[in-house]
1. Show that you can apply the helix-only estimate: for the chain, add -39,500 (n - 2.57) for every DSSP H stretch of four or more residues, divide by all residues, and state [θ] at 222 nm to the nearest 500.
2. Amide H of PHE5: which non-local residues (sequence gap of 5 or more, or other chain) have their own amide H closer than 5 Å, using H built in the peptide plane?
3. What is the chain's relative contact order, in percent, from Cα pairs under 8 angstrom and six or more apart in sequence?
4. Between LYS36 and ARG55, what length in nm is gained on full extension when 0.36 nm per residue of separation is reduced by their alpha carbon distance?
5. If DNA, RNA and ligands are ignored and the probe is 1.4 Å, what is the ranking of ARG10, ARG20 by accessible area, most exposed first?
6. Between SER2 and ARG24, what FRET efficiency comes out of the Förster formula 1/(1 + (r/R0)^6) with R0 = 30 Å and r the beta carbon distance, rounded to 0.05?
Amino acid sequence: MSEVFLNQARLSQRWQVSPRTLERWRWQGEGPAFVKIGGRVVYRLADVESYEAARRCESTLQSTALRGVQ
């Protein structure tokens, strides 16, 4: 079975963020892991889902801790 990949446009639609936000996150070392081949950037669906699961919160306090706010 082959892996599923999302391009930047598809991931930005999934998360309702701008493609530019994804570009900034890559530059800052944030967001999910990505694969770059030539000039093309794609995200493995498994990495996206893992990133989403790791950022799942059950309270506002948890979301604040994820952002590093004290």
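The values are calculated or read from the model by the stated rules, or taken from the named source; none is laboratory data. Note that the structure is a prediction, hence the values are computed from the model and not measured. Glycine gets a Cβ as well: all are built from the backbone with ideal geometry, and neighbour counts include every protein chain shown. Surface areas here come from the heavy atoms of the whole protein model, side chains and all, with no ligands, DNA or RNA. Shrake-Rupley method; radii C 1.70, N 1.55, O 1.52, S 1.80 Å.
1. -14500 deg cm²/dmol
2. Result for PHE5 returns LEU45.
3. It rounds to 30 percent for the chain.
4. 4.5 nm
5. ARG20, ARG10
6. Efficiency, rounded to the nearest 0.05: 0.50.
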